[in-house]
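Below is one structure; the comments refer to it alone.
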Amino acid sequence: MFEVLWNPKWKRGDDPTLHEIFQHPAKNVREFKQRVYKELIMPLPNKQYYSFATVDNYVNFPIFGPIFFFNITIVQMGPGLVNIFLKTNFF
């Protein structure tokens, strides 16, 4: 039997540690998240109206332990506009 693990993190747009949302231990995911941060997030004015989240998904197999499956990076402006960036080792 396997278990699905979620590792969510959320920060306000004006949080001084916002850059931590765009870090990741896997190199390919980290490079993707850094590109999103540099090209889309850094130029944004009025970051206090945004919220940012990241969710890592792992599948925990009893013999192999947790295996990374995908990462979701979420950018939300106000109550209604949400952009979701999905990155996995498969695409």
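A short reminder: the numbers here are calculations on the coordinates, not readings from a lab. Just so we're clear, the structure is a prediction, and the values are computed from it rather than from any experiment. Here Cβ is always computed from backbone atoms with ideal geometry, including for glycine, and neighbour counts include all displayed protein chains.
Results, tabulated for the structure shown:
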quantity	calculated
All positions within the range 8-36 that are within 14 Å of residue 87 (Cβ to Cβ), in contact with a strand residue (DSSP E or B) (Cβ under 9 Å, 6 or more places away or on another chain) and outside any loop (DSSP other than H, G, I, E, B)	21, 22, 28, 29, 32, 33, 36
Residue in the range 42-50 that is among the polar types (S, T, N, Q), crowded, with 16+ Cβ neighbours inside 10 Å and on the phi < 0 side of the Ramachandran plot present	no
Per-region count, the range 1-18, residues farther than 17 Å from residue 88 by Cβ and either surrounded by 15 or more Cβ atoms within 10 Å (Cβ to Cβ) or polar (S, T, N, Q) (or both)	5
Selection count, the range 61-76, where residues are over 22 Å from residue 23 (Cβ atoms) and either of a type in the set (Phe, Trp, Tyr) or in contact with a strand residue (DSSP E or B) (Cβ under 8 Å, 6 or more places away or on another chain) (or both)	2
Contacts under 7 angstrom Cβ, first residue in the range 58-71 being hydroxyl-bearing (Ser, Thr, Tyr), partner in a strand (DSSP E or B), 6 or more apart	58/5; 58/66; 58/67; 58/68; 58/69
From 3, 39, residue being more than 13 Å from residue 87 (Cα to Cα), among the acidic types (Asp, Glu) and out of contact with any strand residue (DSSP E or B) (no Cβ under 9 Å at 6 or more places or on another chain)	39
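So that you can scan it fast, the table gives a plain yes or no per residue for (1) of a type in the set (Gly, Ala, Ser); (2) touching a Ser or Thr at 6+ places or on another chain (Cβ under 7 Å):
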site: 33; (1), (2): no, yes
site: 46; (1), (2): no, no
site: 59; (1), (2): no, no
site: 62; (1), (2): no, no
site: 78; (1), (2): yes, no
site: 88; (1), (2): no, no
